[in-house]
1. Test Lys108 against the criterion of being open to solvent by 40 Å² or more (accessible area, probe 1.4 Å) and modelled with pLDDT of 95 or more, and give yes or no.
2. Test each condition in (1) surrounded by 19 or more Cβ atoms within 10 Å (Cβ to Cβ); (2) in contact with a strand residue (DSSP E or B) (Cβ under 8 Å, 6 or more places away or on another chain) for Asn67 and report the one that comes out false.
3. Do we have any residue at all in segment 12-20 that's open to solvent by less than 70 Å² (accessible area, probe 1.4 Å) and within 22 Å of Arg148 (Cα to Cα)?
4. Taking into account only those residues within segment 27-56 that are part of a loop (DSSP other than H, G, I, E, B) and open to solvent by 60 Å² or more (accessible area, probe 1.4 Å), which is nearest to Gly114 (Cα to Cα)?
5. So how many residues does segment 1-50 have that are free of Cβ contacts under 8 Å to residues at least 60 places away in the same chain and within 24 Å of Lys106 (Cβ to Cβ)?
6. Provide a single number: the residues in segment 73-101 that are more than 16 Å from the chain's Cα centre (by Cα) and either buried (at least 16 other Cβ atoms within 10 Å of the Cβ) or not in a helix (DSSP H, G or I) (or both).
7. Within segment 57-64, is there a residue that is buried (at least 21 other Cβ atoms within 10 Å of the Cβ), assigned to a helix (DSSP H, G or I) and either in contact with a helix residue (DSSP H, G or I) (Cβ under 8 Å, 6 or more places away or on another chain) or modelled with pLDDT of 95 or more (or both)?
Amino acid sequence: MIFKPDIKLHGITDITVELLHKYNINALLLDVDNTMSTHHGTVLTDGLLEWIDLMQQNGIKLMVLSNSKEKRIAPFAARIGLPFISLGCKPLPTGYLRGVKALGEKRKNVAIVGDQIFTDTLGGNFVGVRTILLTPIKPEDGWSFKIRRNLEKKLYKKYGFKE
């Protein structure tokens, strides 16, 4: 079940404080591409800044964790007012463990929020953080993404999730 997320939602703003409390989640590691913006996009998903404020007002710690380079992530993270880890090497443990340490939480109280089973969910499950899988904001064009997304569709069906 290493590919199965703990929680499957449509978009980031569907994550509520009540849901996080139900799972004893105190902190979130947030993917960028197709989670908070389109793949390599700069436009924030609707309601993102208000959602970040709500989470922070309720004591939820937030940090960006991305596989992208600092050149891309630093301006994005500054724009939304969050600390970040670039070149996170997801699904390898390095970025997740750095994020958990920086957030000052135990693994079981942290969740990774992202749109890809084979990076975000796989890596999160491997290191023992909670996993929240979101529907991608917009389909990517690259052939490698198309292959992964087709495999993900099979896992969605297996786990009873809607796309």
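The values are calculated or read from the model by the stated rules, or taken from the named source; none is laboratory data. Just so it is clear, the model here is predicted, and its values are computed rather than measured. Don't worry about glycine lacking a Cβ; one is built from the backbone with ideal geometry, like all the others, and counts go over all protein chains shown. The protein model used for the area step is the full one, side chains on, heavy atoms only, and it has no ligands, DNA or RNA in it. Shrake-Rupley method; radii C 1.70, N 1.55, O 1.52, S 1.80 Å.
1. On the way: open to solvent by 40 Å² or more (accessible area, probe 1.4 Å): yes; modelled with pLDDT of 95 or more: yes.
So Lys108 passes the test.
2. Of the numbered conditions (1) surrounded by 19 or more Cβ atoms within 10 Å (Cβ to Cβ); (2) in contact with a strand residue (DSSP E or B) (Cβ under 8 Å, 6 or more places away or on another chain), the odd one out for Asn67 is (2).
3. yes
4. Filtering segment 27-56 down to residues part of a loop (DSSP other than H, G, I, E, B) leaves 31-32, 34-36, 38-43, 45-47.
Filter once more, so that each one left must be open to solvent by 60 Å² or more (accessible area, probe 1.4 Å): 39-40, 42-43, 46.
Values: His39: 12, His40: 14, Thr42: 17, Val43: 17, Asp46: 16 Å.
Ranking the candidates gives His39 first.
5. 6
6. Looking only at that region, the number is 1.
7. Of all residues in segment 57-64, those buried (at least 21 other Cβ atoms within 10 Å of the Cβ) come to 64.
Then keep just the ones that are assigned to a helix (DSSP H, G or I); that gives none.
Looking for residues that are buried (at least 21 other Cβ atoms within 10 Å of the Cβ), assigned to a helix (DSSP H, G or I) and either in contact with a helix residue (DSSP H, G or I) (Cβ under 8 Å, 6 or more places away or on another chain) or modelled with pLDDT of 95 or more (or both), one finds none in segment 57-64, hence no.
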